[in-house]
Amino acid sequence: MGRVPHGRHWGGPDGAGPAEVEARVCELRREHPGWGPRRIEHQLARAGLEAVPSRSAIHRCLRRHGLIELRRRRKRREEFRRFGGGVRCSCGRWS
C-alpha cells in the first residue's frame, strides 16, 4: 500500500469537508452540546468512519455552522502575577 495523495487541508478550498462528515459532526454536536472537537473526533473514530477529520478541522466545522461559542479568556488575578504589585520577596531583593 503506497502513500495516498492528499491536500494540506481537510476538504476543498473553503475548508469544508465532505458533506456527509460535516453533517455527522453537526448532528453529534446538536445531540450532545457539551461535546467538544476531541470527543466528537473520538466518537467518529468509534463509529468506524474511514477518514476521521482532525480536532482542528472539527472545530472549524463547528465554528462555520455556528455551533461553537468562543469564550473570553479570563485575566490572571493580580495577586498571582509573578514579581508584580509591589510585593517584596522574602529575601528583600525584588520590590
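Throughout, read-outs are computed from the coordinates displayed, never taken from laboratory work. Everything quoted here is computed from the prediction, not taken from an experiment. Positions of Cβ are generated from backbone atoms using ideal geometry, with glycine treated the same way; all protein chains shown enter the neighbour counts.
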Net charge near residue 52, counting Lys/Arg +1 and Asp/Glu -1 over other residues with Cβ under 14 Å of its Cβ?
+1
Stretch gain in nm, segment residue 91-residue 56, where the contour uses 0.36 nm per residue and the Cα spacing is subtracted
8.0 nm
11 Å beta-carbon shell around residue 39, net charge (K/R +1, D/E -1):
+3
